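Note sheet for the following structure.
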Amino acid sequence: MTVHPHSASARQAKKSAAEAFGIDEAYIGLLVESFYTRVRDDAMLGPIFDKRIKAWPEHLERMKQFWRSVLHNSGSFSGNPMLKHVAIPQIEAAEFDHWLALFEQTLVDTAPSEAARDMILVPARMIADSLLAGIRIHRDGRLPSRMKDVQHA
Ligand code: HEM
């Protein structure tokens, strides 16, 4: 039987699997709050966010919805992350690497287990890679560096 990925049963299955690792709504809330507290204090990323986020409570609520969509298939997020990030001129590989390092450290400090940490880090890396690829294509009309290196080899 084919289960539609967004059907109620598939949604519930993904949520239950995550919750079995301690990734429940409360943990997602804690992760988001803890991560963006660090981001705001960060010398490289803080100013980029401060310039653009007018209301932090709304941004944090949006990011909780986003991560519930990713980790629980909740369908609670609707937005356009690609367009939003393409519009930020400062961000390149170094900023994404730093974002990921900060996110990983937040997980090391807060995740209920190593397995839970990986369940969150894997999609975070994939999304970061795809945002960076999209940024480069939109902005510069070029491919991500790894692919560029292959092309020019
Ligand atoms: C260098 C790294 C990054 C920077 C500086 C950054 C910065 C920002 C900023 C300033 C916004 C608010 C944009 C606005 O409302 O106009 C935003 C929104 C958002 N970011 Fe990032 N971001 C980064 C990486 C990531 C990554 C890796 C993810 C996902 C894993 C992510 C997910 C999102 C989402 C879901 C939104 C909301 C988009 C929407 O409202 O449609 N960001 N980011």
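The values are calculated or read from the model by the stated rules, or taken from the named source; none is laboratory data. Please read all numbers here as calculations on a predicted model, not as lab measurements. Here the Cβ is made from the backbone with ideal geometry for all residues, glycine too, and neighbour counts use every protein chain on show.
Kindly indicate which of P89, P112 is within 15 Å of the ligand (Cβ to nearest atom) and loosely packed, with under 15 Cβ neighbours inside 10 Å.
Numbers: P112 fails: within 15 Å of the ligand (Cβ to nearest atom).
On inspection, the qualifying residue turns out to be P89.
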Flagged pairs (Cβ under 8 angstrom, 6 or more apart or on separate chains; first in segment 51-73, over 21 Å from Q90 (Cβ atoms); second among the polar types (S, T, N, Q)) are Q65/S74; Q65/S76; R68/S74; R68/S76; S69/S76
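Could you identify the single residue in A18, A10, A43 that is more than 10 Å from the ligand (Cβ to nearest atom) and at pLDDT below 95?
Working: A18 fails: at pLDDT below 95; A43 fails: at pLDDT below 95.
Going through A18, A10, A43 in turn, the sole match is A10.
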Output the number of the condition that I23 fails; it satisfies all remaining conditions of (1) in a helix (DSSP H, G or I); (2) within 16 Å of the ligand (Cβ to nearest atom).
-> (1)
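I'm trying to understand the selection: among the residues of segment 35-55, which are over 14 Å from the mean Cα position of the chain (by Cα), of a type in the set (A, V, I, L, M, F, W, C) and surrounded by 13 or more Cβ atoms within 10 Å (Cβ to Cβ)? Steps first, please.
Within segment 35-55, the subset over 14 Å from the mean Cα position of the chain (by Cα) is 37-38, 40-55.
So of that shortlist, the ones also of a type in the set (A, V, I, L, M, F, W, C) come out as 43-45, 48-49, 53, 55.
Answer for segment 35-55, where residues must be over 14 Å from the mean Cα position of the chain (by Cα), of a type in the set (A, V, I, L, M, F, W, C) and surrounded by 13 or more Cβ atoms within 10 Å (Cβ to Cβ): M44, L45, I48, F49, I53.
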Run V70 past the list (1) more than 10 Å from the ligand (Cβ to nearest atom); (2) at pLDDT 95 or above and report the number of the one that doesn't hold.
-> (1)
Candidates L132, L102 - the one that is surrounded by 13 or more Cβ atoms within 10 Å (Cβ to Cβ), under 18 Å from L31 (Cβ atoms) and in contact with a helix residue (DSSP H, G or I) (Cβ under 6 Å, 6 or more places away or on another chain) | L102
Result of the Cβ filter at 9 Å on segment 80-100, keeping first residues that are more than 19 Å from D41 (Cβ to Cβ) and partners that are aromatic (F, W, Y), at least 6 apart or interchain, is P81/F66
